Every structure is written in C-alpha cells, then in structure tokens.
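The values are calculated or read from the model by the stated rules, or taken from the named source; none is laboratory data. The structure presented is a predicted model; accordingly, all values stated were derived computationally and were not measured. Neighbour counts run over all protein chains shown; Cβ positions are idealised from the backbone, glycine included.
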Amino acid sequence: MSSAVQRETSRWEAQRSFDELGRPLRDVTFTVVDLETTGGSAAGGSMITEIGAVKVRSGEVLGEFQTLVDPRAEIPPFIAVLTGITNAMVGDAPPIESALPAFLEFAAGTVLVAHNAPFDVGFLQHFAREQGRPWPRFEVLDTAKLARRVITRDDAPNCKLSSLARLFGSSTTPNHRALADARATVDVLHGLMERLGGLGVHTLEELQTFSSRVTTAQRKKRHLAEALPHSPGVYLFQDDRARVLYVGTSRDLRSRVRTYFTASETRSRMGEMVGLASTVTGIECATPLEAEVRELRLIAEHKPKYNRRSRFPEKVHFVKLTREAWPRLSLVRRVLEDDADYLGPFSSRKTAEKCLAALHDTFPVRQCSDKLPSAPTPATRSACVLAEMGRCLSPCDGSVDAATYAALVRQLRDTLLRRPDQVVEAINRRMSTLAELERFEEAGVHRDRLSSFVRAAARTQRLSALTRCSEVVAGRRDDDGRWSVHVVRHGRLAAAGVIPPGADALQYVAELRGSAETVRSAPGPVPAATAEETEKVLRWLESPGIRLIDVDGEWACPVAGATRHLSVYDAATQSRLSLVPFDEQRLPAPVHRPAR
C-alpha cells in the first residue's frame with residue numbers, strides 16, 4: 001500500500017494538539033466539588049442541600065463557590081445531625097433550578113474533581129436532565145478511585161476523605177459541609193499528584209488512567225514511545241532478539257504506546273509483555289482502515305505471543321458442496337480450484353459442524369465419503385441407516401435416479417448461494433413441533449444449528465459480493481475536510497491515501513490506483529485476503545458518507561439472501577447469553593444482555 005501524504009503536510013501533524021501531547025498537570029484548571037444531600041440516590045428522590053466548589057490551577061486557588069439549596073422537602077433528622085444543615089437554614093436558599101446553572105458557569109472549561117465522583121457528579125447530571133439542560137462534556141477525576149490505586153494500608157486505614165486529609169496534612173478538616181469538604185479534597189488531590197509525580201506521572205492523561213499495577217520498571221521504559229509519531233498506524237513491541245511480542249493499532253501511535261508504560265494498561269499479560277520489550281516500532285498509515293488491515297496482516301505473519309486474536313487466520317473450516325457424480329457436503333480446511341461451492345469460513349470446527357447439521361436436516365443428500373460411480377449397481381451396495389431413517393436418498397444402492405438427485409443438489413446450491421428460506425422454514429417447523437412437545441433442549445440444538453447456518457450464509461454472500469469485484473475505489477470526506485481514498489481488489493485492501501489540499505482529485509486517485517498492489521483472483525468467498533480483513537473493508541465501505549468512485553464488476557448481494565434472517569441469529573445469541581452469568585461470558589466484544 002502507498003501513502004501520498006507527506007510527513008510535512010500530514011493532516012495528522014497539522015492537527016497535533018496539547019491533547020495529543022498530554023496536558024501537563026500544572027496547566028490544567030480543576031474544579032473540586034462536593035455536595036450535601038438528603039439521601040444517597042437522586043433517582044430515589046433525594047435532593048441536593050448544598051454545593052461547594054474550589055477552582056485551582058498550579059496549586060493556586062482561583063475561586064470558590066458555595067450555596068445552600070432548597071430541597072423542597074424535609075431534611076431527615078439523621079442528615080441534619082450529620083451535616084448541621086437544618087430546614088430553617090435552607091428555607092430562603094435558591095432552588096436547584098437556580099443553583100445548578102450558577103455552578104455550571106463557575107466550573108465551565110475545567111476538569112471536575114470529587115471524592116467518590118459518581119455520587120456527586122451523578123446528582124448534578126440527574127438534575128441537569130430534569131431541567132432539560134445539556135450536560136457539559138466535563139472530564140472527571142475521582143480522588144477516591146485514584147487514592148485506592150496509590151495509598152496502601154501502611155499509609156492510611158482506608159481511603160475515606162477524613163483519613164486522606166489527615167495523611168496529607170490538610171489545612172481543612174472535613175465536616176460534611178460542602179465547601180469545607182471541597183477544600184480538604186483539594187489538599188488530597190495535591191498530595192496524590194505529588195506522590196505520583198515521583199512515579200513519572202506528569203500529565204492529566206497519565207493521572208486519569210494511573211494504575212499501581214504498572215510497575216516502576218515499566219514506567220522507566222516510556223522513552224520507547226518518544227520516537228513514535230502522533231499519527232495513525234501500527235505499533236510492534238519487540239524483545240531484545242527482535243521477536244515481535246505484540247501488535248496493536250491506534251489513531252495516535254505515541255499517545256497509545258505511552259499508556260503501556262505510564263498508566264492505563266492493567267492487564268497482567270500486558271505488564272509481562274512490557275517487561276520483555278526492548279523496542280517499539282511504529283508504522284505510519286495514511287488512514288485508520290489501513291492501520292487496522294496492517295495490524296491483521298502483521299499478527300498473522302508474526303503470530304505474537306501476547307496477541308490473542310487473529311493469530312491463525314489459516315485455521316478455518318469451510319462447508320463444501322462437492323462437484324462429482326453424486327455431490328455431497330463435507331468439511332474442508334482449504335478452498336481449491338475445483339469449481340465447487342463453499343460456505344464459510346468458520347473460525348471453529350464446532351460451528352461448522354452445526355451449520356452442516358442444519359443443511360443435512362433439510363436436504364437428504366448422501367453423507368458418506370465414498371466415490372460413487374455414475375450408475376451404482378444395486379446388487380453390490382446396501383442402504384445405510386440414514387437411508388432407512390429417510391435422511392438420505394441413497395444413491396449408493398440405486399434408490400434414486402440421477403435427475404432427482406441433481407434437482408435436490410440444485411436446491412441445496414441455491415440455498416447456499418442465494419435463498420436460505422428452505423433451511424430456515426424447515427428448522428423453524430421442527431423447533432415449533434419440539435417446543436409444543438416441551439422438548440426444549442432438542443429445540444435449542446436446532447436453534448443453534450439454524451443460527452450457525454444463517455450467519456455463515458450471510459457472511460459468505462457479503463464476502464463473495466465484494467471479492468467478485470476486481471476493483472472497488474471509494475472515498476469519504478473526513479472531519480477535517482480531506483478525502484480518504486481506498487482501492488480494494490478482490491476484497492483485499494490494495495492502496496490507501498488522503499488527497500492533499502489543493503491537489504487534483506482525479507489525478508491523485510489515478511496515481512493511487514496505479515501504485516496499488518496487484519491482486520489476483522482465486523476461488524472461494526475470500527480469495528485474496530482473510531475474512532477478517534475483507535469484513536473490515538466492508539464495514540468501511542458500508543459506513544456513512546462513503547462515495548463510490550469506480551467499481552469494476554458487479555457488487556451486489558442476493559435480494560432474498562441470508563442477511564434478512566440475521567435477526568434469528570441475534571435472538572439465538574442473546575437468549576444463550578441471558579442464561580449465562582455475565583462474569584462467566586467470554587465475548588469478543590461487549591454485548592448488552594437482554595431485559596428479562
């Protein structure tokens with residue numbers, strides 16, 4: 001792949017900001033806030049009785065904010081004793097409709113800080129929603145959460161505000177009044193920042209994502225990120241023998257790699273990997289899609305020990321409809337140039353077997369692997385048990401003629417390539433019958449077979465539609481006004497680039513196509529790339545704002561294809577998840593459990 005974006009004119013360089021470089025803590029303005037309330041839950045009807053806040057930067061207090069708030073309800077006696085705020089004190093106080101806008105104006109443009117921030121910020125957000133007021137995009141820092149990562153039992157018995165205020169010698173003693181507690185939280189914040197400064201935490205980004213699980217030895221390696229650019233691309237961690245340990249991708253290489261050494265990376269495996277790393281290599285890419293594709297290819301090439309996904313794209317299975325006198329379905333590992341039809345790929349043999357079972361449940365083609373002559377001799381063969389059960393037309397003993405069997409195979413081929421309705425309807429009928437008989441476990445087996453088939457058929461049809469096209473050229477206007485352009489050949493990303501400002505767009509695209517990788521067609525639904533790469537390309541091509549520049553071939557999926565049945569697969573997946581405890585699920589990506 002080629003990139004025509006020169007380093008000195010790169011849009012990523014032009015867009016570099018302090019956010020990308022990391023904002024030094026001394027330059028950040030914080031608003032430390034504390035609330036007093038009538039109870040523990042805004043959703044449960046509790047109200048705010050007092051707001052206190054202190055605005056600070058570089059250790060200097062810039063301003064303070066304090067107001068009592070009329071809760072429009074009786075303050076519970078216990079709360080009145082705890083805070084010292086009585087009904088009489090809030091009688092003339094402004095309501096939350098006045099107090100909240102005043103606080104938001106005071107805190108505008110700052111980073112919110114609170115001790116147990118979900119409580120305080122949650123109350124403020126709740127009343128903002130009630131008032132129909134848009135919530136500003138505040139960054140939030142929780143000193144309680146940060147303290148739990150920094151403070152040990154030898155330092156303090158717990159991470160309560162009162163304990164931390166004593167530990168850091170706060171000039172204000174917390175007393176359950178909003179302004180006093182906010183002042184104490186300021187001292188705690190500064191104490192935590194001082195401690196973390198000795199560990200190399202000097203920016204807001206590092207402070208927000210700090211973890212004590214990142215060791216001092218790991219932090220000392222952060223210089224490995226300094227040579228990387230602030231641009232999208234792929235990064236490779238390598239050991240002292242130049243073996244690739246881990247491959248990742250990011251829109252900002254330097255910022256992402258720094259997190260492995262300074263803050264947010266808490267996975268124990270990654271800590272082990274960083275301990276072994278001696279160099280980090282960055283590969284700049286013109287676009288995020290190019291970076292994602294390069295990542296997949298590098299993982300497949302190097303098979304890094306610390307990458308869990310995409311290491312073995314060659315370990316896949318296909319369901320094959322053979323081309324022979326009496327065709328059959330079989331599971332294979334490779335796609336050959338034999339004019340056969342293939343469904344897949346499947347990442348696991350178990351899933352492929354479920355799909356195969358769904359097809360065998362619907363179409364009584366032979367399941368034996370013998371090579372049958374065009375005209376089997378009945379005297380020399382006997383029917384198998386599947387034939388006796390009515391699940392095989394039994395061409396081996398002459399029970400079916402060639403024309404009838406060929407008609408069945410044509411229906412099967414049409415199901416694989418164009419219209420899956422016959423399988424869907426047959427298995428749905430079988431599931432309904434089993435459910436009426438309360439044989440739910442058996443119905444569940446057929447449900448899983450159906451979902452495996454539908455997903456595989458939809459995937460194959462989508463992949464095949466793109467891989468049949470010898471070339472697809474498409475572009476999209478990005479947020480910065482420039483156009484990203486990709487050249488895709490037989491489903492493989494062949495070139496990527498960004499049209500420079502003032503350049504002739506047609507000439508640029510022509511040059512990009514001329515320098516693109518040569519890709520030859522091959523058999524199968526994913527002939528020129530892995531299925532994962534082609535799916536990433538498809539997701540980009542199907543994203544909003546895409547403009548097709550040129551298409552060489554016919555890019556189309558069957559109107560009655562399997563994609564319209566995908567809701568069946570989704571329902572089956574969700575129904576299984578609803579029966580599995582969340583902490584036992586092993587999912588490739590976050591999935592919301594359905595409501596019960």
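Data table
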{"item": "Which listed residue is of a type in the set (A, V, I, L, M, F, W, C), assigned by TED's automatic domain parsing to the domain that holds R476 and closer than 21 Å to L298 by Cβ, from V498, V519", "result": "V519"}
{"item": "Only one of A88, A93 that is in contact with a strand residue (DSSP E or B) (Cβ under 9 Å, 6 or more places away or on another chain) and either assigned to a helix (DSSP H, G or I) or in the same structural domain as V188 (by TED's automatic domain parsing) (or both)", "result": "A93"}
{"item": "Test: residue in the range 339-357 that is surrounded by fewer than 18 Cβ atoms within 10 Å (Cβ to Cβ), of a type outside the set (S, T, N, Q) and in a loop (DSSP other than H, G, I, E, B)", "result": "yes"}
{"item": "Selection within the range 88-112 - free of Cβ contacts under 8 Å to residues at least 24 places away in the same chain and surrounded by 14 or more Cβ atoms within 10 Å (Cβ to Cβ)", "result": "M89"}
{"item": "Residue satisfying all of: in the range 300-316; under 18 Å from A531 (Cβ atoms) and modelled with pLDDT of 90 or more; surrounded by the fewest Cβ atoms within 10 Å (Cβ to Cβ) among these", "result": "E301"}
{"item": "Residue match in the range 497-513 (condition: part of a strand (DSSP E or B), buried (at least 21 other Cβ atoms within 10 Å of the Cβ) and either in contact with a Phe, Trp or Tyr (Cβ under 6 Å, 6 or more places away or on another chain) or modelled with pLDDT of 90 or more (or both))", "result": "yes"}
{"item": "Subset of the range 194-222 [over 30 Å from S170 (Cα atoms) and either at pLDDT below 75 or touching a Leu at 6+ places or on another chain (Cβ under 8 Å) (or both)]", "result": "A217, Q218, K220, R222"}
{"item": "Qualifying residue in the range 7-15 (condition: at pLDDT 90 or above and surrounded by 12 or more Cβ atoms within 10 Å (Cβ to Cβ))", "result": "no"}
{"item": "Residue match in the range 429-439 (condition: at positive phi and not basic (K, R))", "result": "yes"}
{"item": "Answer residue from the range 274-299, given it is buried (at least 17 other Cβ atoms within 10 Å of the Cβ) and in a loop (DSSP other than H, G, I, E, B) and is farthest from the chain's Cα centre (by Cα) among those", "result": "A277"}
{"item": "Check on P364, of a type outside the set (S, T, Y) and over 28 Å from A562 (Cα atoms)", "result": "no"}
{"item": "Residues of the range 470-486 satisfying the condition of being buried (at least 20 other Cβ atoms within 10 Å of the Cβ) and more than 25 Å from the chain's Cα centre (by Cα)", "result": "V472, V473"}
{"item": "Selection count, the range 296-314, where residues are more than 12 Å from R243 (Cβ to Cβ) and in contact with a helix residue (DSSP H, G or I) (Cβ under 7 Å, 6 or more places away or on another chain)", "result": "5"}
{"item": "Leading residue by the ranking (farthest from D361 (Cα to Cα)) among those in the range 439-471 that are part of a helix (DSSP H, G or I) and acidic (D, E)", "result": "E441"}
{"item": "Conditions (1) surrounded by fewer than 19 Cβ atoms within 10 Å (Cβ to Cβ); (2) closer than 15 Å to I48 by Cβ: number failed by R166", "result": "(2)"}
{"item": "Residue in the range 411-438 that is farthest from the chain's Cα centre (by Cα), counting only those that are surrounded by fewer than 21 Cβ atoms within 10 Å (Cβ to Cβ) and outside any helix (DSSP H, G or I)", "result": "L437"}
{"item": "Some residue of the range 439-455 being within 19 Å of V335 (Cα to Cα) and crowded, with 17+ Cβ neighbours inside 10 Å", "result": "yes"}
{"item": "The range 169-184, subset touching a helix residue (DSSP H, G or I) at 6+ places or on another chain (Cβ under 6 Å) and under 14 Å from A114 (Cα atoms), residue surrounded by the fewest Cβ atoms within 10 Å (Cβ to Cβ)", "result": "H176"}
{"item": "Residue within the range 60-82 that is in contact (Cβ under 8 Å) with a residue 40 or more places away in the chain, in contact with a Leu (Cβ under 9 Å, 6 or more places away or on another chain) and among the polar types (S, T, N, Q) present", "result": "yes"}
{"item": "All positions within the range 113-132 that are free of Cβ contacts under 8 Å to residues at least 60 places away in the same chain and in contact with a helix residue (DSSP H, G or I) (Cβ under 7 Å, 6 or more places away or on another chain)", "result": "N116, A128, Q131"}
